[in-house]
């Protein structure tokens, strides 16, 4: 189910359950005021209303919240797809351009890049000081053994990440 549909369905269920709770409670209150219902009967009626409609209300709240979370996850995935498309299409992209086009902070862009590397979807390198991201073939980077920016020897910095200790350029290798 689409996240927005899930949210809408959750809101509808919440609205219907609240309407029914108010309607049944009003009915009980009217019957109590007319003295056609004992205090015990009124209390039992309120308890039954709660027992019957609380699961419906909880289900509506769950769908609404889950839809919001899934919509946010889908938005991040879409931005990662767009980021990958920009890198592949241009070959060299400024981080500032990425941040502006995706309406994101530099830290968000950095996190998305690392996510793409860990998923094995991106290989290339980035010079954080210059703010430039380069798409490159992983095999060419592995074989070179030197920093594409300054020519210095490279060090392993993490899973799929190699760092130049001299200029700080990070090279991302797809797994």
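In this label model, residue 129 and residue 82 are separated by 3.1 nm, measuring between points 7 Å along each Cα→Cβ vector.
Placing pseudo-labels 7 Å out from each Cα toward the beta carbon at residue 153 and residue 119 gives an inter-label distance of 3.6 nm. Projecting the alpha carbon convex hull of the chain along each direction and taking the average yields 14.5 nm².
Ranking of 86, 119 by neighbouring Cβ atoms within 10 Å, starting from the fewest: 119, 86. Once the Cβ-Cβ distance of residue 8 and residue 46 is raised to the sixth power relative to R0 = 30 Å, the FRET efficiency obtained is 0.50. Shown is the FRET efficiency for residue 105 and residue 146, computed with R0 = 25 Å from the Cβ-Cβ distance and rounded to the nearest 0.05: 0.20.
According to the calculation over all Cα-Cα pairs in segment 3-73, the P(r) per 10 Å bin from zero is 22, 36, 22, 14, 6, 0 %.
Laboratory data are not the source of any read-out in this text; all were calculated from the coordinates shown. Every value quoted in this text rests on a predicted model; they were computed, and no experiment measured them. Note that each Cβ is placed from the backbone with ideal geometry, even for glycine, and that neighbours are counted across all protein chains shown.
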